[in-house]
1. If I filter the range 307-330 for residues that are hydrophobic (A, V, I, L, M, F, W, C), closer than 20 Å to Glu81 by Cα and in the same structural domain as Val45 (by TED's automatic domain parsing), do I get at least one hit?
2. Would you check if there is a residue in the range 125-140 being among the small types (Gly, Ala, Ser) and over 22 Å from Pro350 (Cβ atoms)?
3. Can you confirm whether Pro144 is assigned by TED's automatic domain parsing to the domain that holds Arg65 and in contact with a Phe, Trp or Tyr (Cβ under 7 Å, 6 or more places away or on another chain)?
4. Run down Gly158, Gly167 and say which single residue is touching a residue at least 60 places away in the same chain (Cβ under 8 Å) and either within 24 Å of Asn364 (Cβ to Cβ) or assigned by TED's automatic domain parsing to the domain that holds Trp56 (or both).
5. Please count how many residues of the range 471-487 are of a type in the set (Asp, Glu) and near the ligand (Cβ under 8 Å from one of its atoms).
6. Just for the range 217-240: of the residues that are hydroxyl-bearing (Ser, Thr, Tyr) and under 15 Å from Phe281 (Cα atoms), which one is modelled with the highest pLDDT?
7. Mind listing whichever residues of the range 84-100 are buried (at least 17 other Cβ atoms within 10 Å of the Cβ) and part of a loop (DSSP other than H, G, I, E, B)?
8. Restricting attention to the range 116-142, which residues are polar (S, T, N, Q) and in contact (Cβ under 8 Å) with a residue 40 or more places away in the chain?
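The values are calculated or read from the model by the stated rules, or taken from the named source; none is laboratory data. Fair warning: this is a prediction, and the values are worked out from it, not measured in the lab. Here Cβ is always computed from backbone atoms with ideal geometry, including for glycine, and neighbour counts include all displayed protein chains.
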Amino acid sequence: MTTSWNVSLLLVCFVAGSACRQQPRKSFSQPTESALALDATVLGVSTVIEDLNVPWEICWGPDGRIWFTEQSGSISAVTPETGERKVMLTIPEVYRQRSLGMLGMAVHPTEPYVFVDYTHLKKDSTIVSKLVRYTRTADTLKDPLLLLEFPGNTGHNGSRVTIAPDGKVMLATGDAARYPNAPDTASLNGKILRMNTDGSVPADNPYPGKLMWSRGHRNIQGLAYTSNGNFFASEHGDATDDELNLIRPKGYYAWPHIEGYADRPKEKTYADTFAFIPPVFSWTPTIAPAGIEHYMSGEIHEWRNTILMGTLKNASLRVIRLNERQDSVLGETVYLTGIFGRLRDLCVSPYGDVYLATSNRDWNPGQGFPKEHDDRIIRLSPIQSAGNLKMLPKSVNRNTASLAKGAMLYASYCEACHKPDGRGIKKTFPALDRSKVVTGDAAALVQLVLKGSKKNTGEQMPGFAFMPDEDLAAVTSYIRGAWRNQADSIPAADIRKIKEQEGL
Ligand code: HEC
């Protein structure tokens, strides 16, 4: 095993703009176990701490430690350089069941407060969520102050808590598996709430006297501010359409009426009457997005101005490129699929290192998990070279703009027969998931989609020659990369050529 080099320097820049000075970074005592090669940067992978039980939230504290919750009810702080852990508090009234328990937490950067959201089972068997503020001392948390108690359920309890750039507390609640809660302005569920650090309603909230900041959410699992103050949330969809949303004050996100984009007839009709904000990106098939962070450090320059997102079902790290204004998605790169199992949360240190928390001891572990020393907090940190470290598999790039369009076209034109999961209907509509026709010769696939099938018995495949080249390229590229398919995309120019050859 090799130890990391630790020669990187931290640039400390003053906002005033004058001076930038370099500080040596601290060295890590944990060995580097493997390496992940980006375009130019090589990341060393090491375990900060192991044998945890679902670290649900990890965040970088103002004391230079990583603060984390575990789902059964503890709050700890670990020194990232050594892995030394201090349990700050356990809360016996936390009720852990399936997705319930100790969930989101935020450590205030300038005030001595820690905010936690957890589920609690009352004596009369009702489930509630509580947001509690603690005061931080060097080695414990004291003076619990209940800021908010609101309805919970056996699922969809959110949550994430984060501190806004203006110091306010932002809390994402789930719809508590009661769909009408989400749009309802009178319910605290299915919302993002904004409050002062004492739980009171800020005078400048968008709905006077209310905590509500945005509504129409199903079950948010990640919250993060970008460097320019834009506010993003990751959210679980139902059978389709996981979402990444740009959150605006008073924003309406339309769950349960619209999932993902307004791309189905009923959704389009709804969107004609009710103004809603569509996601900046949506994933079908679903991947179960979890914690997010904006990455703006130059330390891993390939990841600069991206949203880093862990996923549970897909067990991957998504690196989602943003435009300069940080309000739309340019594409995503998928790393580590299945390597460490479910990734529940992540955080970024001021040095630009990325920390990931696994979630393999939760209610729904993937095949082959949990591993003996799960769960873990893992560090990704630049190293000078991989030496003879074990290399982790290469990333997969996805052009999100055309993928999003392809997914939308698939939903409008294909999924009625081939189904959202691409598995079709036995003996009637063939599966496109793992179909050799889909992943094989691109020209043959395009010809079939253009002309349909000429079979004169049973169900027919209609032709789609009427669609513009770009749309045909988007939808065929989509099915070649969707579900378990892993074939290259098809450029619009190739579609044009085939159309010309066929006289279409
Ligand atoms: C009205 C139902 C229907 C719609 C809509 C439809 N298909 Fe099909 N599709 C079929 C049927 C039926 C077959 C089988 C044809 C055959 O065996 O001759 C088929 C076959 C296919 C195949 C070959 C799969 C294999 O493994 O043999 C592909 C690829 C395909 N469709 C893609 C698409 C795409 C892309 C769209 C949307 C742009 C679409 N289909 C829309 C009914 C449909």
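1. So in the range 307-330, the residues hydrophobic (A, V, I, L, M, F, W, C) come out as 307-309, 312, 315, 317, 319-320, 322, 329-330.
After this cut, where a residue has to be closer than 20 Å to Glu81 by Cα as well, the list is none.
Scanning the range 307-330 turns up no residue that is hydrophobic (A, V, I, L, M, F, W, C), closer than 20 Å to Glu81 by Cα and in the same structural domain as Val45 (by TED's automatic domain parsing).
2. If we filter the range 125-140 for residues that are among the small types (Gly, Ala, Ser), which is where we start, we get 125, 129, 138.
From what's left, over 22 Å from Pro350 (Cβ atoms): 125, 129.
Yes, the range 125-140 contains a residue that is among the small types (Gly, Ala, Ser) and over 22 Å from Pro350 (Cβ atoms).
3. Working: assigned by TED's automatic domain parsing to the domain that holds Arg65: yes; in contact with a Phe, Trp or Tyr (Cβ under 7 Å, 6 or more places away or on another chain): yes.
Against the criterion (assigned by TED's automatic domain parsing to the domain that holds Arg65 and in contact with a Phe, Trp or Tyr (Cβ under 7 Å, 6 or more places away or on another chain)), Pro144 qualifies.
4. Values: Gly167 fails: touching a residue at least 60 places away in the same chain (Cβ under 8 Å).
Result: Gly158 is the single residue among Gly158, Gly167 that is touching a residue at least 60 places away in the same chain (Cβ under 8 Å) and either within 24 Å of Asn364 (Cβ to Cβ) or assigned by TED's automatic domain parsing to the domain that holds Trp56 (or both).
5. Initial filter on the range 471-487 (of a type in the set (Asp, Glu)): 471.
Narrowing further to those that are near the ligand (Cβ under 8 Å from one of its atoms): none.
Of the residues in that region, 0 qualify.
6. Initial filter on the range 217-240 (hydroxyl-bearing (Ser, Thr, Tyr)): 225-227, 234, 240.
Imposing the further condition that a residue be under 15 Å from Phe281 (Cα atoms) reduces the set to 234, 240.
On the way: Ser234: 98, Thr240: 86.
The residue in question is Ser234.
7. Result: Ile91, Val94, Tyr95, Arg96, Ser99.
8. So the first thing to find is which residues in the range 116-142 are polar (S, T, N, Q), and the list is 119, 125-126, 129, 135, 137, 140.
The answer is Ser129, Thr140.
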